[in-house]
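Visitor: The structure under discussion is supplied below as structure tokens; questions concerning it will follow.
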Amino acid sequence: LADEHAQERGWFYHFVDAANGRRVWQSEASTIDTALLLQGALLAREYFKDVEITAAVNRIYARIDWSWALDGGRTLSHGWKPESGFIPHRWDNYAETLGLYLLGIGASAQPLPAETWHAWRRERRSIHDGRTYVQGGALFTHQYAHAWFDFRGRRDAYADYWRNSVDATLAQRAWSAAQQERFSFWSRDLWGLTASDSVRGYLPWGSPWP
């Protein structure tokens, strides 16, 4: 990853050939996928405390050009393609991007300005089973960042993100139980659905909307 994988200004491509690390399928240099990978790499660095691993992870982190990925805006682009430039879609709503922005703001090299934390919207609210929360979509959007960041006891002016993800998760459990007429095997004991393939293609399963 540090020396051989295809990347653009530190951003890894969404899909690569597992045998050689080269970009495939004209995929984008992906901001969110790079952030997810980086969170795992930083965990490996802290767990192993190995000189070689530490050096490789530090190189991966330090070479990411966070400001470039803003593409002149206040929020990060979803990615960049050599053929067409930046993808027009931005990480400008609540989603799995908490970790993306925290890593960018905390970077030691070419970091994001702190104001990018305030630039994305948090107003999509869902109310389900007596729970009100900022809606991120499928279950993974509420849980990814918590794998690497401990939000318990922390909040900002907008939300308690730990509580928000708990409420979104429990709302989905209640929503799943209510679908038994459609899917007899769903219940409060069999749930935990997230985005996946279906007979109708890719769908954000199990997301109770307003």
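The values are calculated or read from the model by the stated rules, or taken from the named source; none is laboratory data. Values in this document were obtained by computation on a predicted structure and should not be read as measured data. Neighbour counts are summed over all protein chains in view; Cβ atoms, including those assigned to glycine, are modelled from backbone coordinates with ideal geometry. Accessible surface is based on the protein model in full, side chains and every heavy atom, while ligands, DNA and RNA are left aside. Shrake-Rupley method; radii C 1.70, N 1.55, O 1.52, S 1.80 Å.
Visitor: Using a Förster radius of 41 Å, what is the FRET efficiency between Arg63 and Val199 based on their Cβ-Cβ separation? Nearest 0.05, please. Mind dumping the intermediate values first?
Guide: Details: r = 42 Å, r/R0 = 1.03.
Between Arg63 and Val199 the formula returns 0.45.
Visitor: I've got another one for you. Give the shape of segment 19-70 as rounded, prolate or oblate, defined through the alpha-carbon gyration tensor: a ≥ b ≥ c are the square roots of its eigenvalues, a/c under 1.5 means rounded, and otherwise the shape is prolate if a/b is larger than b/c and oblate if not. Intermediate values should be presented prior to the final figure.
Guide: Details: a/c = 2.24, a/b = 1.54, b/c = 1.45.
Prolate, because a/c is 1.5 or more and a/b exceeds b/c.
Visitor: Now, a different point. Local charge sum around Trp205 (other residues, Cβ-Cβ under 15 Å, Lys/Arg +1, Asp/Glu -1)? All intermediate terms of the calculation are to be shown ahead of the outcome.
Guide: Numbers: positive: Arg173, Arg182, Arg200; negative: Asp197.
The answer is +2.
Visitor: Along the positive direction of the dipole of the chain (beta-carbon charges: Lys, Arg +1; Asp, Glu -1; about the Cα centre), which of Ala114, Gln179, Ile32 reaches farthest?
Guide: Gln179
Visitor: Here is a follow-up. Taking Cα atoms, how many degrees apart are the long axis of helix 161-177 and the longest axis of the chain, rounded to 10 and kept between 0 and 90?
Guide: Value to nearest ten degrees: 50.
Visitor: Can you grab the distance from the C-alpha centre of segment 150-210 to the C-alpha centre of segment 12-85, Å, no decimals?
Guide: 28
Visitor: Which value, in Å² rounded to 10, gives the accessible area of Phe140 with a 1.4 Å probe and all protein chains present?
Guide: Approximately 50 Å² for this residue.
Visitor: Let me ask another. Out of all DSSP beta bridges in the chain, what portion is antiparallel? Express it as a percent rounded to 5. Could you put the intermediate results ahead of the total?
Guide: Details: 17 of 18 bridges.
Among the beta bridges of the chain, antiparallel pairing accounts for roughly 95 percent.
Visitor: May I pose another question? Taking 25 °C and 0.890 mPa s as the conditions, I'd like the Stokes-Einstein D for the chain in µm²/s, using the Kirkwood hydrodynamic radius from alpha carbon pairs.
Guide: On the way: Rh = 18.7 Å.
My calculation gives 131 µm²/s for D.
Visitor: How big is the shadow of the Cα convex hull of segment 36-158, averaged over all directions, in nm²?
Guide: On the way: hull surface 37.6 nm².
Across all orientations, segment 36-158 yields a mean hull projection of 9.4 nm².
Visitor: Charges at C-beta only: +1 for Lys and Arg, -1 for Asp and Glu. How large is the resulting dipole of the chain about its Cα centre, in Debye rounded to 20?
Guide: Once rounded to the nearest 20, the dipole reads 540 debye.
Visitor: Once you have a ≥ b ≥ c as the square roots of the Cα gyration tensor eigenvalues for segment 1-104, tell me rounded if a/c is under 1.5, and otherwise prolate or oblate according to whether a/b is larger than b/c.
Guide: oblate
Visitor: First measure r as the distance between the Cβ atoms of His118 and Phe140, then evaluate 1/(1 + (r/R0)^6) with R0 = 25 Å and state the FRET efficiency to the nearest 0.05.
Guide: 0.55
Visitor: Using a Förster distance of 30 Å, how high is the FRET efficiency between Val51 and Ala19, based on the Cβ-Cβ distance and rounded to 0.05?
Guide: The formula returns an efficiency of 0.60 here.
Visitor: Taking GluC sites (Glu not before Pro) that fall in a DSSP loop and have at most 13 other Cβ atoms within 10 Å as cut points, what is the longest piece of the chain between them? Before the final figure, lay out the partial values.
Guide: Details: sites that count: Glu4, Glu83, Glu123, Glu181.
My reading of the result: 5-82 is the longest stretch.
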